[in-house]
Amino acid sequence: MIVGYGATPQAMEKLMGREDAREAFQISVDALQLVRERIKNYRIDCDLVAGQAELAARPEHMEEFRETCELLESEYSYSLQLLDRQQLREQLDSPVYHGAWFDPGVAICIR
């Protein structure tokens with residue numbers, strides 16, 4: 001369960017304008033909260049695990065990640081954690097990636 005819409009906020013703003021992009025994003029945030037509430041209220045046993053990351057396979061991806069994190073924070077009131085290469089290596093011991101953004105507010109059901 002992730003927030004957003006399968007494209008960067010920048011791309012969505014170009015497509016539909018900032019206000020509509022923000023509204024669509026908020027709908028996804030609200031939907032995630034509704035699912036979390038239902039899992040809790042109905043005691044759904046699904047091993048919900050918090051967090052999701054997008055990894056930078058190329059150095060240039062980090063600039064896009066930085067821009068996305070800043071835009072989400074300033075215009076959407078939504079925070080992601082931007083991880084540089086060293087910070088990511090502390091979590092994922094792989095020399096392949098140049099960094100990542102991490103969203104602690106989303107989740108996956110592993111069962």
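Read-outs throughout are calculated quantities, based only on the coordinates presented, and are distinct from any laboratory measurement. Bear in mind the structure is a predicted one, so any value in this text is a computation, not a measurement. Positions of Cβ are generated from backbone atoms using ideal geometry, with glycine treated the same way; all protein chains shown enter the neighbour counts.
Near the amide H of G99, under 5 Å away, which other amide H atoms are found, from residues 5 or more places off or on another chain, if H is placed in the peptide plane?
A56
Given points 7 Å out from each Cα along the Cα-Cβ axis, report the L34 to E70 separation in nanometres with one decimal.
That separation, rounded to one decimal, is 3.4 nm.
Between M16 and L92, what is 0.36 nm times their sequence separation minus the Cα-Cα distance? Round to one decimal in nm.
Numbers: separation 76, 0.36 × 76 = 27.36 nm, distance 3.60 nm.
This chain segment gains 23.8 nm when fully extended.
Using label points projected 7 Å from each Cα along Cα→Cβ, tell me how many nm separate D45 and Y5, to one decimal.
Taking the two extended label points, one gets 3.8 nm.
222 nm [θ] for the chain, helices only, -39500 (n - 2.57) per DSSP H run of 4+, per residue, to 500?
Values: 4 runs with 57 residues, N = 111.
The per-residue figure over the chain is -16500 deg cm²/dmol.
Starting from region 1-85, pick out the trypsin sites (Lys or Arg not before Pro) whose DSSP state is loop and whose Cβ has at most 12 other Cβ atoms within 10 Å.
Values: sites: K14, R18, R22, R36, R38, K40, R43, R66, R85; in loops: R43.
Taking region 1-85 and a limit of 12 other Cβ atoms within 10 Å, the loop trypsin sites (Lys or Arg not before Pro) found are R43.
Per residue, what volume in Å³ does the convex hull of the Cα atoms of region 9-109 enclose?
Values: hull volume 10.9 nm³, N = 101.
For region 9-109, the hull spanned by Cα atoms encloses 108 Å³ per residue.
Give a residue-ordered list of calculated ³J(HN,Hα) values for region 43-51 (Karplus: 6.51 cos²θ - 1.76 cosθ + 1.60, θ = phi - 60°; whole Hz; x for Gly, Pro).
6, 7, 8, 10, 6, 5, 10, 7, x
Run through region 5-66 and list the chymotrypsin sites (Phe, Trp or Tyr not before Pro) located in a DSSP loop whose Cβ has at most 10 other Cβ atoms within 10 Å. Walk me through the numbers on the way to the answer.
Values: sites: Y5, F25, Y42, F65; in loops: Y5, Y42.
Passing sites in region 5-66 are Y42.
Answer with one residue from Y97, Y76, L48: the one whose Cα lies farthest towards the positive end of the charge dipole of the chain, charges on Cβ with Lys, Arg +1 and Asp, Glu -1.
Working it through, the farthest residue towards the positive pole turns out to be L48.
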